[in-house]
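The values are calculated or read from the model by the stated rules, or taken from the named source; none is laboratory data. All values derive from a computational prediction rather than experimental measurement. Here the Cβ positions follow ideal geometry from the backbone for every residue, glycine too, while neighbour counts run over all protein chains shown.
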Amino acid sequence: MKSPPLKVLVFGAGAIGTYIGGSLALKGHPVVFMERADIAEAIRSRGLRLEINRTSFHLEPSAIHCSSSLDEAISHGPFDIAIFALKSYDTPAAIQDLLPYHEHLPPILCLQNGVENETALATALGERGVIAGTVTSAIGRRAAGDILLERLRGVGVAVGHPLSSRLAAALDDAGLNAHLYPFAAAMKWSKMLTNLLANATSAILNITPAEVFAHPGLYRLEIEQLREALRVMAAQKLSVVDLPGTPVRLLAFGARLPLSLSKPLIQQNVGKGLGAKMPSFHIDLHSGRGKSEVEYLNGAVVRFGERLGVAAPVNRLLNETLMALTEGKLPLETFSRNPEKLLQENKEIG
């Protein structure tokens, strides 16, 4: 017997929020989006557009709600589930905004990158439950409320919450290829491994991931940051797990091989999806917002490593360098298209 629709509150109508929330809305789940005023106004005037598997879908403004105030969003409740689809650097401010409404919030499916958001949400908002999740599908954002599914991989949902199975079934029914995972931390850390690859280096040097992979010294740097992260995972007794459409165990296996053997394996099976597309860290760096998720990815490897006695000098270098560029402490051109300068910095701390 099919479960009744879920009433869903989506925090963030960017690429992932629009894709997940829009897909659920297309299957008849009532969805309310919460976004800042300019994006909310655009969605209220145009609705949502989703291009999925070469088919275009349009949700009319009357078919969805998009609020720019929490009072208004919460008034459409009660909700069965909330979906967190914000950047990790927006989590602290979002938590402060949510605190006065904590009694009205449903369980939260956290689809953010990084490995610390779930803990922060649960610590601040109480025991209602936070469900860890991941998105591995590639989604492009063309405008506010307008997304393109570039490559379907899937969604991961951690078990352990009464809603996990029902939620995964609803996501799967909406065409999102949802999978359940028994160990939340293993799932989140495995996703972070994929986020590290050719992300910070590409942003710092202003070159494509393909150029990163093609440079022998930079490729060595990429592998070392992965090896550091794997050592931190091992210190936590976490196993690498494959994610929907993403062979993360093969990536981990390749990272442990000699460089001459690992490069073709990783490029063919993991790196081919990166290529000439500039990664998220590069987009954030050049957005002018002065924020970067590198602190929640490479920086998390460093923080966990310090607590566990595992050194992570490459992740520290990438994190501190990209944050300095992001915050304007270094000019953007400092390392632009100059791999040898970055490699020399790594050599000096090595």
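Scanning the range 77-93 for residues that are within 27 Å of residue 46 (Cα to Cα) and crowded, with 19+ Cβ neighbours inside 10 Å yields 79, 80, 81, 82, 83, 84, 85, 86, 87. Anything in the range 25-82 that is β-branched (Val, Ile, Thr) and within 27 Å of residue 130 (Cα to Cα)? List them, or say none. Correct list: 31, 32, 39, 64, 74, 81. Show the residue pairs meeting these rules: Cβ distance below 8 Å; 6+ apart or different chains; first residue within the range 145-159 and in contact (Cβ under 8 Å) with a residue 40 or more places away in the chain; second residue of a type in the set (D, E, K, R) and crowded, with 20+ Cβ neighbours inside 10 Å. That search, which allows pairs on different chains as well, returns 156/191.
For the range 139-155, what are the residues that are surrounded by fewer than 16 Cβ atoms within 10 Å (Cβ to Cβ), closer than 21 Å to residue 33 by Cα and either among the hydroxyl-bearing types (Ser, Thr, Tyr) or touching a strand residue (DSSP E or B) at 6+ places or on another chain (Cβ under 7 Å) (or both)? Of everything in the range 139-155, those that are surrounded by fewer than 16 Cβ atoms within 10 Å (Cβ to Cβ), closer than 21 Å to residue 33 by Cα and either among the hydroxyl-bearing types (Ser, Thr, Tyr) or touching a strand residue (DSSP E or B) at 6+ places or on another chain (Cβ under 7 Å) (or both) turn out to be 140, 142. Would you mind stating whether residue 123 is touching a helix residue (DSSP H, G or I) at 6+ places or on another chain (Cβ under 6 Å) and not small (Gly, Ala, Ser)? No; evaluated as a whole, the condition is false for this residue. Within the range 156-166, is even one residue modelled with pLDDT of 95 or more, surrounded by fewer than 21 Cβ atoms within 10 Å (Cβ to Cβ) and within 20 Å of residue 247 (Cβ to Cβ)? No, the range 156-166 contains no residue that is modelled with pLDDT of 95 or more, surrounded by fewer than 21 Cβ atoms within 10 Å (Cβ to Cβ) and within 20 Å of residue 247 (Cβ to Cβ). Kindly indicate whether any position in the range 108-119 is assigned by TED's automatic domain parsing to the domain that holds residue 56, outside any loop (DSSP other than H, G, I, E, B), charged (D, E, K, R) and buried (at least 20 other Cβ atoms within 10 Å of the Cβ). Yes, that holds for at least one residue. Cβ-Cβ distances below 6 Å connect the following pairs, each with a first residue in the range 305-316 that is closer than 20 Å to residue 348 by Cα, a second residue that is hydrophobic (A, V, I, L, M, F, W, C), and a separation of six or more residues or different chains: 310/232; 310/235; 312/301; 312/302; 313/349; 315/301; 315/302; 316/302.
Of all the numbered requirements in (1) surrounded by fewer than 15 Cβ atoms within 10 Å (Cβ to Cβ); (2) modelled with pLDDT under 95, residue 234 misses one, and that requirement is (2).
When the residues of the range 321-339 are filtered to those that are loosely packed, with under 12 Cβ neighbours inside 10 Å and touching a helix residue (DSSP H, G or I) at 6+ places or on another chain (Cβ under 9 Å), the one that is nearest to residue 287 (Cα to Cα) is 331.
Counting the residues of the range 306-327 that are over 24 Å from residue 235 (Cβ atoms) and touching a Gly at 6+ places or on another chain (Cβ under 7 Å) gives 2.
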